[in-house]
Amino acid sequence: MKILVVGGAGYIGSHMVKHLGLAGCAVTTLDNLSGGHADAVLHGTFVQGDIADRALLDRLLAEGRFDAVMHFASFIQVGESVVAPAKYYQNNVVNTLNLLDAMVAAGVKRFIFSSTAAIFGEPQSDTIDEQHRQQPINPYGRTKLMVEQALADYDRAYGLKSVCLRYFNAAGADPAGELGERHDPETHLIPLVLQAASGRRSHISVFGRDYDTPDGTCIRDYVHINDLCQAHWLALQSLMGGAGSQAYNLGNGSGFSVQEVIDTARQVTGREIPVVYAERRAGDPARLVADSRAATSQLGWKPQFAALETLIEHAWAWEQKRAVQL
Ligand code: UFG
């Protein structure tokens, strides 16, 4: 199979490129390196470029004869999307439509889209399934929902089949230690906690301890990066098998609080990890946990690295490697 991975030099994309390479696919990565790293692309061909560049897309798609496109090239910071919405609408919506239009023109009819739990907004239930109300509370979530809506229209009008995968909290690292999370600046809880463990950071700030949760800190559903890659792989098989467009929520179905993440990281690393209790961060719901039963029953997806300890062990191995390199 020939796959174009857009954003394949980033955190999730680079793990996907490796996954596809190991499965025997011919992979082309397109990435503008605004957040990614060329040395994270471990398989196939790397093209540095932007999905805003229609001529480049037309050329790539004509030459590549791809069976499918996977799209990971988005800006992802909720807080930044509030103060710089234009950046988010331009890249996450306008440039994505540019990519979809180039696909339609080239006759490439299968698309796998990185979506997010942020399309749902404030949770109305303990776990969030695909029927949950979609009412995003920040521009980031709105950009992802707009693309999901456009995809439904593109299917009806142009026959473009897509699978939207709404990640909850993507975390962990390649179990073989070759890849991991390398955001700059890093804003995600687990890598920050582990940077505090390795001494690259003085402490971890806990954003709020007065939430309506058992220990007062926010609860999230952390899902291992390799399990997310496996979900993409199954989604690809499904599209290749002729299935119609679909959307799935991807998480482990169990939530862990910020405090539990820190406690588990202390056990895994054997380090102290200094904590500073800080104010709530704007826009954080108290609890976000996925109901992923649809992905299990329809795609056959079952997370292999569901234990928080395993996820933190893999992220810790990566952090230790990074701490030595930097
Ligand atoms: N947190 C801290 N201290 C930190 C960083 C995070 O206490 O230094 C807390 C946050 O307040 C939150 C939890 O840890 O309660 C997880 O925060 P992350 O930033 O790691 O992840 P989010 O849940 O905010 O965001 C993730 C993705 C977003 C996506 C969202 C959808 O990064 O792209 O899930 O639910 F929109």
Name the most mobile residue of E313, E181, E260, meaning the one with the largest mean-square fluctuation, in a Gaussian network model of the chain with Cα contacts below 10 Å.
E260
Measuring from label point to label point, each 7 Å out along Cα→Cβ, what is the Q48 to S202 span in nm?
3.6
For L42, which sequence-distant residues (separation of 5 or more, or a different chain) have an amide H within less than 5 Å of its own amide H, given hydrogens modelled in the peptide plane?
K18
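What part of the accessible area of the stretch 26-95, given as a whole %, is carbon or sulfur when the probe is 1.4 angstrom?
Values: 1780 of 3300 Å².
That share works out to 54 percent.
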Comparing L22, L250, L228 in a Gaussian network model of the chain (Cα, 10 Å), the one with the largest mean-square fluctuation is L22
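Among the listed pairs K161/K302; K18/K321; K2/K87; K2/K161; K18/K109; K18/K87, which have their C-alpha atoms separated by more than 26 angstrom in this model? Display every interim value, and only then the final one.
Values: K161/K302 23 Å; K18/K321 19 Å; K2/K87 31 Å; K2/K161 16 Å; K18/K109 23 Å; K18/K87 29 Å.
Going by Cα-Cα distance, K2/K87; K18/K87 fall outside the 26 Å limit.
Considering only the chain, what is the antiparallel percent among its DSSP beta bridges, to the nearest 5?
5
Just the accessible area per residue of the stretch 278-326, please: how many Å² with a 1.4 Å probe?
Numbers: 2770 Å² over 49 residues.
I get 56 Å² per residue for this part.
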Using a Gaussian network for the chain with springs between C-alpha atoms less than 10 Å apart, which of these wobbles most: G255, G172, G199?
G199
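The values are calculated or read from the model by the stated rules, or taken from the named source; none is laboratory data. Predicted model, so just to flag it, every value in this text is computed and none were measured. Virtual Cβ from ideal backbone geometry, glycine too; neighbours counted across all protein chains shown. Surface accessibility is based on the protein's heavy atoms, side chains included, excluding ligands, DNA and RNA. Shrake-Rupley method; radii C 1.70, N 1.55, O 1.52, S 1.80 Å.
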